[in-house]
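The values are calculated or read from the model by the stated rules, or taken from the named source; none is laboratory data. Just so it is clear, the model here is predicted, and its values are computed rather than measured. When we count neighbours, we look across all protein chains shown, and the Cβ atoms used for this are built from the backbone with ideal geometry, even at glycine. Areas reflect the complete protein model, heavy atoms only, side chains present, ligands, DNA and RNA absent. Shrake-Rupley method; radii C 1.70, N 1.55, O 1.52, S 1.80 Å.
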Amino acid sequence: MKHIVTIAIVAFLFAACRPTLPPTPDESCADALMAYAEQYPAAEPQDLYKLVFQDLYGPGHLLTDSADCAMYIAQEVAAMADSNGLPDFEPTLCDGRFVRVNLLLVQRGDISVGKLTSAVMRSAVGLPAPDHRYVMSHSAAFKAAYDPHYRIVRRDIFERELQPLVRP
């Protein structure tokens with residue numbers, strides 16, 4: 001029940017924040033949030049909020065320096081386990097303008113740090129800068145269950161440049 005109420009609230013907020021975006025062709029935001037909550041049962045309200053935030057702002061709230069971005073990706077990859085509870089990649093919410101790219105793809109050598117850094121940096125160009133007071137991390141429960149390590153990339157850049165590099 002907690003997820004259903006949260007999903008309704010988050011879907012309402014998402015709809016209110018995206019008046020200039022085209023309507024979703026095949027699934028409502030509430031349906032996308034419900035599917036996400038079912039796929040990730042350990043997700044808490046802040047994880048649903050984070051998904052909406054990522055769909056609206058992409059990587060626009062992250063670093064603006066490519067050298068720092070590359071350094072943080074390399075450090076995170078070096079420190080992470082060799083598996084986690086996330087798919088190799090997945091779209092953000094219902095508009096799917098962005099893709100969460102699992103850093104395991106870097107760790108196993110499918111995508112280089114440089115290629116991912118370039119994709120992330122170019123994905124942030126032209127995006128509105130959100131107020132950093134509204135940026136959230138994943139909940140402790142989500143982190144414990146899925147050990148998330150990913151970066152957000154614009155879907156068209158991902159499909160054109162990174163997806164062909166991913167081994168099946």
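Yes/no matrix, rows are residues, columns are (1) surrounded by fewer than 18 Cβ atoms within 10 Å (Cβ to Cβ); (2) touching a residue at least 24 places away in the same chain (Cβ under 8 Å); (3) touching a helix residue (DSSP H, G or I) at 6+ places or on another chain (Cβ under 7 Å); (4) not in a loop (DSSP other than H, G, I, E, B):
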| residue | (1), (2), (3), (4) |
| --- | --- |
| 119 | no, yes, yes, yes |
| 126 | yes, no, no, no |
| 130 | yes, yes, yes, no |
| 138 | no, yes, yes, no |
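Is one or more of the residues making up segment 143-157 part of a loop (DSSP other than H, G, I, E, B), among the basic types (Lys, Arg) and within 16 Å of the chain's Cα centre (by Cα)? Looking through segment 143-157, none of the residues is part of a loop (DSSP other than H, G, I, E, B), among the basic types (Lys, Arg) and within 16 Å of the chain's Cα centre (by Cα). When the residues of segment 37-73 are filtered to those that are of a type in the set (Ser, Thr, Tyr) and not in a loop (DSSP other than H, G, I, E, B), which remaining residue is surrounded by the most Cβ atoms within 10 Å (Cβ to Cβ)? The residue in question is 57. Among the residues making up segment 86-115, those that are within 24 Å of residue 53 (Cα to Cα), open to solvent by less than 40 Å² (accessible area, probe 1.4 Å) and in a loop (DSSP other than H, G, I, E, B) are 86, 92, 93, 94, 95, 96, 103. Determine, yes or no, whether residue 134 is within 19 Å of residue 49 (Cβ to Cβ) and in contact with a Leu (Cβ under 6 Å, 6 or more places away or on another chain). Considered against the rule, which asks whether it is within 19 Å of residue 49 (Cβ to Cβ) and in contact with a Leu (Cβ under 6 Å, 6 or more places away or on another chain), residue 134 comes out as no. The residues in segment 54-98 that are small (Gly, Ala, Ser) and closer than 14 Å to residue 150 by Cα can be counted, and the count is 8. Looking at (1) open to solvent by less than 30 Å² (accessible area, probe 1.4 Å); (2) at pLDDT 85 or above; (3) touching a helix residue (DSSP H, G or I) at 6+ places or on another chain (Cβ under 8 Å), find the lone condition where residue 83 falls short. Of everything listed in (1) open to solvent by less than 30 Å² (accessible area, probe 1.4 Å); (2) at pLDDT 85 or above; (3) touching a helix residue (DSSP H, G or I) at 6+ places or on another chain (Cβ under 8 Å), residue 83 misses just condition (1). Cβ-Cβ distance below 7 Å, separation of 6 or more or different chains: which pairs start in segment 29-43 with a residue that is free of Cβ contacts under 8 Å to residues at least 60 places away in the same chain and end on one that is of a type outside the set (Gly, Ala, Ser)? Final answer for the pair search is 30/7; 34/7; 36/48; 36/51; 37/3; 37/7; 37/48.
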